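Here is the structure we will look at.
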Amino acid sequence: MIETFYDVMRRQGISRRSFVKFCSLTASALGLGPAVVPQIVHAMETKPRIPVLWLHGLECTCCSESFIRSAHPLAKDVVLSMISLDYDDTLMAAAGHQAEAIIEETIEKYDGNYILAVEGNPPLNEDGMFCIIGGKPFTEQLLHAAEHCKAIISWGSCASWGCVQAARPNPTQATPIHKVPGIPAKPIIKVPGCPPIAEVMTAVITYMLTFEQIPALDRQGRPKMFYSQRVHDKCYRRPHFDAGQFVESFDDEGARRGYCLYKMGCKGPTTYNACSTIRWNGGLSFPIQAGHPCIGCSEDGFWDKGSFYQHTTDTHQFGVEANADKVGLAAAGIVGGAIAAHAAVSALKSARKQGGDNQ
Amino acid sequence: MSTFTTPTGFQMDNSGKRVVVDPVTRIEGHMRCEVNVDDDNIIRNAVSTGTMWRGLEVILKGRDPRDAWAFVQRICGVCTGTHALTSVRCVEDALGIQIPENANSIRNIMQLTLQVHDHLVHFYHLHALDWVNPVNALKADPKATSELQQMVAPNHPKSSPGYFRDIQNRLKKFVESGQLGPFKNGYWTNPAYLLPPEADLMAVTHYLEALDFQKEIMKIRTIFGGKDPHPNWMVGGVPCAINMNDDMAAGAPLNMVTLNQISSIIDQTRDFVKNVYIPDILAVGQFYKGWLYGGGLSGINVLAYGDIPDRANDYSPGNLMMPHGAIINGNLKEVHPVDLRNPDEIQEFVPHSWYQYPDEARGLHPWDGITEPKYELGPNTKGTRTNIQEIDEGAKYSWIKAPRWNGHAMEVGPLARYVVGYANGHEYITEQINFVLKTLDVPVSALFSTLGRTAARALEADWAGDQMRYFMDKLMANIKAGDISTANTDNWNPATWPQSVKGVGFSEAPRGALGHWIQIKDTKIDNYQCIVPTTWNGSPRDSQGGIGAFEASLMNTKVERKEEPVEILRTLHSFDPCLACSTH
Amino acid sequence: MELTQKQTAVYVYEAPVRLWHWVNALCIVVLSVTGYLIANPLPTLPGEASDWFVMGYIRFAHFAAAYIFTVGFIGRVYWSFVGNRYSREIFHLNLFNREYWKELVHEMRWYAFLAKEPKKYVGHNPLAAIFMVGIVVIGSLAMMLTGFALYAEQSGPGSWQDTLFGWLIPLVGQSQDVRMWHHWGMWIITIFAIIHIYAAVREDIMSRQSLVSTMISGWRMFKDDRD
Ligand code: HEM
Ligand code: HEM
Ligand code: NFV
Ligand code: SF4
Ligand code: SF4
Ligand code: F3S
Ligand SMILES: [Mg+2]
């Protein structure tokens, strides 16, 4: 007997009544009338688990590590009862040919109906051979699996933005999934973060399974439900920011009182993530709560925005590294000096001229 | 093909059938393995290839040394934090920064937490399926399973027949669904699996329990470091300030509440290791103690740098609670000291690695290290540049460099540490090893095996749990004595730094000895080199024909079925390979 | 920028232009000072957060000035349609006109003490014209675009600021990049202002026409009758 979606929900303590109610909500969310509710109920009661191929490119496997930290739902329940994790090289029993065969089997059986989850990204340099799987570039595996999937989840900052291997000078030309040449036009859900929060990862999956639709995405393809606000917007240290109370140096009086970490370089004001709301590891804490500034780990290219301990970013735009305040102050100084000199010469000239006029 | 003998005495030849395993799964990162299996199903030649490279050492150039920890932490999310710790130690060494006692205790607790977590997750979620057959567990009698568990792990509360029946039913449903998920295409009919169904059911149950429990362990690091994976660190100490009794203590990262939480998780962690992990290892060992392949270099050349400084800022072997030293040629009577600064001791070679040096006959000490990728395949490769069928190990064949200690390929990791500790007469380690040998009724030589590696890891997790308690008590005692300092920021400002300095930081990562070397010029990183545990273990060959620990461990192993690589996986997994680490 | 005939006074800057000029100048000062303090906050204050609202007030001043600045700019654009012909000047730059380039060279020679005598202009001199368009118009636009994109982050998705300006963030890179460019903009405008004020005062003294008083009374006075 197949453990269906309904079984899973029942096991999680959801009553039949609320299950049906939930199905009708789903119906209206999908713009369908009440007539189709029984159909949805039936589908949910009998539907097999959706297959997921979880590919790994250049990455650090920390997104997988984060995933297994999920408390609600437990990673165990996601893997055993919600999805069918057919391919994931970090967890799967099979290896070599037997592992590779699974991708083909899934494509054959579920063409257009499986989810492709990607952790990491492919390098484009050296014909892709900075990341080899089965003797071939990872890019090939990625494009092949993407061709037949229903939707792509880009796990973490690697798949979403490029992350650390794409930091300057990006020696392998590591490329985020949506920018890989030849990537088919499938919906891509970016779940950035280095890594993303465990419960955010499982919530994205649960949402897709429960509501049978892709979560609403923002302009940059991230689920609005978790990425529409900055860490700063709901940071519990925000009152200290507004008051002008900052940690001036690590382990000072302010650090011991939980003052704002802005002056320590906090990127909370420019980072879209749910850390200050959902928090980490079962809602326990998040970087700022533990006294370290946010380094902006869910943002595109956060590695290349200057020191993590400096709130203002250096520019690298003109081949040089420069800080606006340093350059600006210096330029203002130079301009001021030049003006003084110019004024002096002007005064001299006009004095002379006046002298000449007088003659 | 001709036979040759490696410097460590392995007879290799290229005869027999070439078997390729790519991808090697249930590891971190990407790896390929090729072996030659002769007509008697014995492995005669083993080739391991690291198949990914990201270029962290290149990316680090020109950056702020205080940021380095965050970059290198992303070398790996499995041994998350160990690179960060090594990096802050490295920068502190270069700049002569002394950290407060509390920071040392906190860092140690974080590192020990990682040891326990990584070992536990490795055993249950990456390694267990090499020993445990979940399909076979369906045949188990839940009542007999319950009795087995009560016998081997009397202190673990979850042991009723009903409990095992529920798990078995869930497993049954899962298997009957036809959607086998991660268990799909496993080698479940292979005679290499030796456990009786009851032991299989017990282990599968603990697979699930461990999956639930591991996230609890890491909460310790979430409190200290804000999140896990990839908690936060800092040069000069730790970012989590302490405030016990002053104004606004509730807003401090560490106060009575959060420290209580940590303390309680430490207790739960120790219970789990002692009541579940260790008994499971002994149970598996009992059934597999006849399968003692996989020793490789472990009885020949092993290396450990040591870690867990008791007092802050003293990294001399006497102050390190984890073993330090090198053993060569199997001579356990002599443990050599290791000097990470000596330009002649630790060197990296690239004649068989996809990198180039101006002179590849010579090795480079990491302070002078060069990381310049060069992908090319040897003339005997079968396949093409982007479709390798069989690799040519006579040429460059891996993204892993080949580190050597005084010219020797070395094994690192829990077993290496335990061998060094045993040779050094480390009391606790000797006691643990003797206990296991006695319980399983095997000779000391059994230690040098795949099973020995797996057992050493479990023993180390147990040890680490105990030390977590030690440092937690130490932290509280120090706070009680009036010291709440967690960071030294005297040299935080780069303006205080010398123009040109170099430093080295090391640690014992879960997978073995880890070193980072830095050169700082004009406040920026001039060169940053890492030699990582899996760089040692997964090392390709050197110009003397010396083979690394992975390759050595596979030699002479008998496989049951050439087309089902379960023995290869079992032995490779016993190292807990981390390929993202190895190449970085 | 036509050369004057023999005139002694021309009504150049109508009242709205003068009002805008001084309001705008004040806004820029407030925006630069508060902006600088947003990036480099004042030293920490002790005690409870609820006792203070320093960053809050600084940011409020920034946003208030930003709105006045923006409304002023829109008003100025409007006036360029209905005002006199000089009111259109700051939005015009005739880069394809040979005459313009010739005069620009002359103006630069004048500032470099190479030309003996300055020319007279009813409106902007050619050098000023470049700065007016490049810095005052384009610079202000850039500050408003980036500023409102940053503002959209706090007003949140669905707000009009986000609808109108939110697209800018992924276009530029990410939020931190937008901040960085906004910050650079402050320095560019500040430096313009320094030069502008110096030039205005200097020319008032040395050139053959009035400047500072023109921006107060609206009348350009010429000191001689020559071309
Ligand atoms: C001459 C015009 C302006 C100048 C010189 C200026 C200057 C600055 C500076 C220096 C910053 C700090 C940036 C950093 O943290 O590195 C800033 C922040 C900001 N500015 Fe402006 N700004 C100007 C106009 C505007 C306008 C028109 C708006 C539109 C609403 C605006 C909105 C903002 C916002 C929202 C911030 C971020 C404040 C925060 O999040 O705390 N600015 N500005
Ligand atoms: C942030 C500060 C300032 C800015 C952005 C600024 C901007 C401008 C602009 C855009 C114009 C051209 C007006 C038009 O044609 O619509 C102008 C003209 C002028 N400004 Fe300013 N101004 C600033 C401060 C000042 C100050 C402090 C003074 C006086 C000391 C001054 C004196 C003048 C004068 C004399 C003119 C007329 C120039 C002419 O007749 O060609 N400005 N300014
Ligand atoms: N090898 C390795 Fe690590 C460990 N343990 C590194 O230092 O795993 Ni990712
Ligand atoms: S996004 Fe960060 S955490 Fe995730 S795999 Fe990439 S480097 Fe690791
Ligand atoms: S700590 Fe960071 S996110 Fe929190 S209020 Fe301060 S600047 Fe914002
Ligand atoms: S560093 Fe990352 S984890 Fe959250 S608080 Fe910042 S986005
Ligand atoms: Mg290296």
- Task: Run down B:ALA68, B:ALA84, B:ALA46 and say which single residue is open to solvent by less than 10 Å² (accessible area, probe 1.4 Å) and part of a strand (DSSP E or B).
- Result: B:ALA46
- Residue ID - nearest to A:GLU248 (Cα to Cα), chosen from residues in segment C:36-91 that are open to solvent by 70 Å² or more (accessible area, probe 1.4 Å), of a type in the set (Ser, Thr, Tyr) and modelled with pLDDT of 95 or more: C:TYR36
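Just checking, does segment B:2-22 include any residue being facing chain A (nearest Cβ under 8 Å) and assigned to a loop (DSSP other than H, G, I, E, B)?
Within segment B:2-22, the subset facing chain A (nearest Cβ under 8 Å) is B:20-22.
Checking the rest, the ones that are also assigned to a loop (DSSP other than H, G, I, E, B) come to B:22.
Taking every residue of segment B:2-22 in turn, at least one turns out to be facing chain A (nearest Cβ under 8 Å) and assigned to a loop (DSSP other than H, G, I, E, B).
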- Restricting segment B:87-103 to residues that are in contact with a strand residue (DSSP E or B) (Cβ under 6 Å, 6 or more places away or on another chain) and part of a helix (DSSP H, G or I), the one nearest to the other protein chains (Cβ to nearest Cβ) turns out to be B:ALA103
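Which one of A:THR210, A:THR270 is among the polar types (S, T, N, Q) and not assigned by TED's automatic domain parsing to the domain that holds A:THR312?
Numbers: A:THR270 fails: not assigned by TED's automatic domain parsing to the domain that holds A:THR312.
None of the others qualify; the one that does is A:THR210.
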- From the list A:LYS326, A:LYS263, which residue is assigned to a helix (DSSP H, G or I), open to solvent by 30 Å² or more (accessible area, probe 1.4 Å) and within 16 Å of ligand 5 (Cβ to nearest atom)? A:LYS263
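Let's see how each residue does on (1) out of contact with any helix residue (DSSP H, G or I) (no Cβ under 9 Å at 6 or more places or on another chain); (2) within 16 Å of ligand 3 (Cβ to nearest atom); (3) among the aromatic types (Phe, Trp, Tyr):
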site	(1), (2), (3)
A:PRO181	no, no, no
A:ILE188	no, no, no
A:TYR207	no, no, yes
A:ASP218	no, no, no
A:ARG230	no, no, no
A:ALA243	no, no, no
A:GLY265	yes, no, no
- Item | Residues being open to solvent by 20 Å² or more (accessible area, probe 1.4 Å), closer than 28 Å to B:GLN111 by Cβ and in a loop (DSSP other than H, G, I, E, B) - total across segment B:309-342 | 15
- Query: Applying the selection to segment C:6-20, what residues are within 10 Å of ligand 2 (Cβ to nearest atom), within 29 Å of C:TRP187 (Cβ to Cβ) and either open to solvent by less than 40 Å² (accessible area, probe 1.4 Å) or aliphatic (A, V, I, L, M) (or both)?
  - Reply: C:TYR13, C:VAL17, C:TRP20
- Within segment B:9-59, the residues that are in contact with a His (Cβ under 8 Å, 6 or more places away or on another chain) and over 27 Å from A:PRO137 (Cβ atoms) are none
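Tally up the residues in segment B:87-98 that are surrounded by fewer than 24 Cβ atoms within 10 Å (Cβ to Cβ) and of a type in the set (A, V, I, L, M), please.
Here is the first cut: in segment B:87-98, the residues surrounded by fewer than 24 Cβ atoms within 10 Å (Cβ to Cβ) are B:92-98.
Restricting the remaining residues to those that are of a type in the set (A, V, I, L, M) gives B:94-95, B:97.
Adding up the residues that qualify gives 3.
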- Item | Of the criteria (1) without any contact (Cβ under 8 Å) to a residue 24 or more places away in the chain; (2) under 30 Å from C:SER175 (Cβ atoms); (3) open to solvent by 80 Å² or more (accessible area, probe 1.4 Å), which one C:GLU99 fails | (2)
- Query: Scanning segment B:287-332 for residues that are touching a strand residue (DSSP E or B) at 6+ places or on another chain (Cβ under 8 Å) and among the polar types (S, T, N, Q), which turns out farthest from B:HIS408 (Cα to Cα)?
  - Reply: B:ASN319
- Item | Count of segment B:206-235 residues which are facing chain A (nearest Cβ under 7 Å) and more than 16 Å from ligand 3 (Cβ to nearest atom) | 13
- Message: If B:ARG221 satisfies all but one of (1) charged (D, E, K, R); (2) closer than 20 Å to B:VAL72 by Cα; (3) surrounded by fewer than 24 Cβ atoms within 10 Å (Cβ to Cβ), what's the number of the condition it fails?
- Response: (3)
- Message: Being near ligand 6 (Cβ under 9 Å from one of its atoms) and either in a strand (DSSP E or B) or within 17 Å of B:ILE223 (Cβ to Cβ) (or both) is the requirement here; does A:ILE295 meet it?
- Response: no
- Task: With respect to A:ARG256, determine if the residue is within 11 Å of chain B (Cβ to nearest Cβ), farther than 30 Å from B:ILE59 by Cα and outside any loop (DSSP other than H, G, I, E, B).
- Result: yes
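Just to confirm my filter: which helices (runs of 4 or more DSSP H) fall fully inside segment C:118-196 and include at least 3 residues that are aliphatic (A, V, I, L, M) and more than 14 Å from ligand 1 (Cβ to nearest atom)? Outline the logic, then answer.
Working: elements: C:126-131, C:140-155, C:160-165, C:168-172.
Hits in segment C:118-196: C:126-131.
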- Note on the structure: If we keep only residues of segment B:348-405 that are in a loop (DSSP other than H, G, I, E, B) and hydroxyl-bearing (Ser, Thr, Tyr), then the residue farthest from B:ILE520 (Cα to Cα) is B:THR381
- Could you check, for segment A:263-279, whether at least one of its residues is touching a strand residue (DSSP E or B) at 6+ places or on another chain (Cβ under 9 Å), more than 16 Å from ligand 2 (Cβ to nearest atom) and facing chain B (nearest Cβ under 8 Å)? no
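Can you tell me which residues in segment C:41-57 are in a loop (DSSP other than H, G, I, E, B) and either more than 7 Å from chain A (Cβ to nearest Cβ) or within 18 Å of A:ARG256 (Cβ to Cβ) (or both)? Before you say what the answer is, go through the steps one by one.
Keep residues of segment C:41-57 that are in a loop (DSSP other than H, G, I, E, B), which gives C:41-48, C:52-53.
C:PRO43, C:THR44, C:LEU45, C:PRO46, C:GLY47, C:GLU48, listed by residue number.
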- Message: I need the full set of residues from segment A:166-196 which are in contact with a His (Cβ under 9 Å, 6 or more places away or on another chain) and in a strand (DSSP E or B), in order please.
- Response: A:ILE188, A:LYS190
- Task: Looking at (1) in a loop (DSSP other than H, G, I, E, B); (2) more than 7 Å from every other protein chain (Cβ to nearest Cβ); (3) open to solvent by 30 Å² or more (accessible area, probe 1.4 Å), find the lone condition where A:LEU348 falls short.
- Result: (1)
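Let's see how each residue does on (1) without any contact (Cβ under 8 Å) to a residue 12 or more places away in the chain; (2) surrounded by fewer than 21 Cβ atoms within 10 Å (Cβ to Cβ); (3) more than 15 Å from the chain's Cα centre (by Cα); (4) within 16 Å of ligand 4 (Cβ to nearest atom):
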site: C:GLU117; (1), (2), (3), (4): no, yes, yes, no
site: C:TYR121; (1), (2), (3), (4): no, no, yes, no
site: C:PRO126; (1), (2), (3), (4): no, no, yes, no
site: C:ILE135; (1), (2), (3), (4): no, yes, no, no
site: C:MET143; (1), (2), (3), (4): no, no, no, no
site: C:GLU153; (1), (2), (3), (4): no, no, yes, no
- Test each condition in (1) in a helix (DSSP H, G or I); (2) in contact with a helix residue (DSSP H, G or I) (Cβ under 6 Å, 6 or more places away or on another chain); (3) of a type in the set (Phe, Trp, Tyr) for B:TYR187 and report the one that comes out false. (1)
- Task: Starting from segment B:397-422, keep only residues that are within 14 Å of another protein chain (Cβ to nearest Cβ), then list their pairs with residues that are within 16 Å of ligand 1 (Cβ to nearest atom) and modelled with pLDDT of 95 or more whose Cβ atoms are within a distance under 8 Å, requiring at least 6 positions of separation or different chains.
- Result: none
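The values are calculated or read from the model by the stated rules, or taken from the named source; none is laboratory data. It should be emphasised that the depicted structure is a prediction, and the values quoted were computed from it without experimental measurement. Quick reminder, even Gly has a Cβ in these numbers, built from the backbone with ideal geometry, and neighbours come from all protein chains shown. The protein model used for the area step is the full one, side chains on, heavy atoms only, and it has no ligands, DNA or RNA in it. Shrake-Rupley method; radii C 1.70, N 1.55, O 1.52, S 1.80 Å.
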